[in-house]
1. Modelled with pLDDT under 80 and not in a helix (DSSP H, G or I), is that true of ASP135?
2. If we only count helices (runs of 4 or more DSSP H) wholly inside region 1-97, which ones have 1 or more residues that are surrounded by fewer than 16 Cβ atoms within 10 Å (Cβ to Cβ) and modelled with pLDDT of 85 or more?
Amino acid sequence: MLPQCRILPATNQMEIHPYCQEQELVGFCKNNNIVVTAYCPLGGCEVNVMDNELIKRIADAHSCTPAQVALSWERARGIVVIPKSSNPLRLKQNLEEFVELTPDEMRMIGNIKRHERKCDPGRDFKELKWIFHPDEAECPVI
């Protein structure tokens, strides 16, 4: 993609959390001076990284929440995080209180071998095709 760009992208926003680490893509972006922004940094719904036993143990060791551990891990990787919450107190915690993870904790979280997404790009593409090319696509179940 980059050889065809007249203007280098400033940021690449993608789903990133301990169950969807995107290490190769993050490395590519960093090597090309593209800021990585994580949406769904805590997973969500069926993909809830806050229930992970390792993340809960690390949170207990730091006297913080599992969400703060996951967000701190992403931030320590140089990733911009954009968490959301309907709870104002939790949103404040998620945005302000980061913990310093040890190199071992960073490595252990980085070694989580679950590959799960909250957002399904294949499904999302089909829905976009239906919106922009209704003559070529079947109506998705929404």
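1. Spelling it out, ASP135 is indeed modelled with pLDDT under 80 and not in a helix (DSSP H, G or I).
2. Counting at least 1 such residues, we get 23-31, 53-62, 88-96.
The values are calculated or read from the model by the stated rules, or taken from the named source; none is laboratory data. A quick note: this is a predicted structure, and the numbers were derived from the prediction, not measured. Methodologically, a virtual Cβ is constructed for each residue, glycine included, from the backbone with ideal geometry; neighbour enumeration extends over all protein chains shown.
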